[in-house]
Amino acid sequence: MKAPLIAPDLSREDLARPIKGFDQTGAEVEIRVVEERPLSIWLNSREIVTAMTIGDYPEYLALGFLRNQGMLPEGVEVTGVDYDDFSEAVVVRTREATDFEEKLKRRTRTSGCAMGTVFGDMMEGLEGLKMPPAELRTSWLYALSHQINRMPSLYLEAGAIHGTVLCQKDHPLVYMEDVGRHNAVDKVAGWMYREGVSGADKILYTTGRLTSEMVIKCAHMGIPVLASRSGFTAWGVSLAQSLGMTLIGRLRGQRFVCLSGEERLIRDADLASVSAEESRSRRKGAQDE
């Protein structure tokens, strides 16, 4: 199993901490609990949003958030990304002014965990957009599910967290976790933006539900395949179908369901050789039908 280029740094003690409590029998227990802290994202001299996050990779989170909200469109040059630990803020600077003032007038709440914030024109740029052609082998899906569910992670240590993985064929490239699935996706988007990585030949794997917000973010990242161990929303499926995106859900063990883009699938895996999912590696979403 190849290690991803970036993964959760489990050596960081500030991402989770032990807390004592009592179980159902009254016995004292101590468990690891994920930390949650605010991060203010600024674009030039204007504060855009404060997100609740675990606190790792703040620069990627800020870049990805702004990029996925359409606030860093093509042609806008980013001249600096500065994180200040004391003020818990990231400032993204551009060479030219942007139109973020108008976008701030159209805030809406979304279905994302931790009350994600997006803007009313988030769907701008999706009109007529079609995802690039790509093949998707079922052997890749099963291999990715097997690898990702067994990778060292904050989820396996403490739970209460979502994971998102950028993959190429059967190789996980970037693994991000956060309290909200939208934050984890934005971290991946920020890495892609900063490193100049194309999404055309990639797969985005998430532990969260396949909602409209997730499909829109994936489309802005140019990724033609979105897969999850969790379920779907009807609007998310409709958007994926209109965009020509392959949408794979309930990916666990030998099972998955494809509700959009089935024409990309190459069923090359021998199901008899695909192992069932072990109970230890079952993540949130296993009951999220």
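The values are calculated or read from the model by the stated rules, or taken from the named source; none is laboratory data. Predicted model, so just to flag it, every value in this text is computed and none were measured. Here Cβ is always computed from backbone atoms with ideal geometry, including for glycine, and neighbour counts include all displayed protein chains. Keep in mind that these areas ignore ligands, DNA and RNA; they rest on the heavy atoms of the full protein, side chains included. Shrake-Rupley method; radii C 1.70, N 1.55, O 1.52, S 1.80 Å.
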Regarding Gly70, is this residue at pLDDT 90 or above, open to solvent by less than 50 Å² (accessible area, probe 1.4 Å) and either touching a Lys or Arg at 6+ places or on another chain (Cβ under 9 Å) or of a type in the set (Phe, Trp, Tyr) (or both)? no
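Quick test for you: out of Gly21, Gly70, pick the one residue that is small (Gly, Ala, Ser), free of Cβ contacts under 8 Å to residues at least 12 places away in the same chain and in contact with a strand residue (DSSP E or B) (Cβ under 8 Å, 6 or more places away or on another chain). Spell out the reasoning first.
Details: Gly70 fails: free of Cβ contacts under 8 Å to residues at least 12 places away in the same chain.
From the options Gly21, Gly70, the qualifying one is Gly21.
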Let me spell it out: the conditions are (1) modelled with pLDDT under 95; (2) small (Gly, Ala, Ser); (3) surrounded by 21 or more Cβ atoms within 10 Å (Cβ to Cβ), and Gly190 meets all of them except one. Which number is the exception? (1)
Filter result for the condition that a residue is under 30 Å from Ala143 (Cβ atoms), touching a Leu at 6+ places or on another chain (Cβ under 7 Å), open to solvent by 70 Å² or more (accessible area, probe 1.4 Å) and touching a residue at least 40 places away in the same chain (Cβ under 8 Å), over Leu15, Leu5: Leu5
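Listed here are the residues, each with its yes/no results for (1) under 25 Å from Glu195 (Cα atoms); (2) open to solvent by less than 40 Å² (accessible area, probe 1.4 Å); (3) in a strand (DSSP E or B).
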| residue | (1), (2), (3) |
| --- | --- |
| Pro38 | no, no, yes |
| Ala62 | yes, yes, no |
| Glu74 | yes, no, no |
| Arg93 | yes, no, yes |
| Ala97 | yes, no, no |
Conditions first: (1) at pLDDT 95 or above; (2) farther than 28 Å from Arg209 by Cβ. Leu141 passes all but one, so which condition is the exception? (2)
Please state which one of Val179, Val197 is open to solvent by 20 Å² or more (accessible area, probe 1.4 Å), within 28 Å of Ile266 (Cα to Cα) and β-branched (Val, Ile, Thr). Val197
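Residues checked against (1) open to solvent by less than 50 Å² (accessible area, probe 1.4 Å); (2) of a type in the set (Asp, Glu):
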position	(1), (2)
Leu43	yes, no
Thr79	no, no
Asp82	no, yes
Glu88	no, yes
Scanning segment 217-257 residue by residue, those open to solvent by less than 10 Å² (accessible area, probe 1.4 Å), outside any strand (DSSP E or B) and touching a residue at least 60 places away in the same chain (Cβ under 8 Å) turn out to be Lys217, Ala219, Ile223, Pro224, Arg229, Leu243, Met245
Which count do you get for residues in segment 135-176 that are closer than 27 Å to Asp270 by Cα and assigned to a helix (DSSP H, G or I)? 11
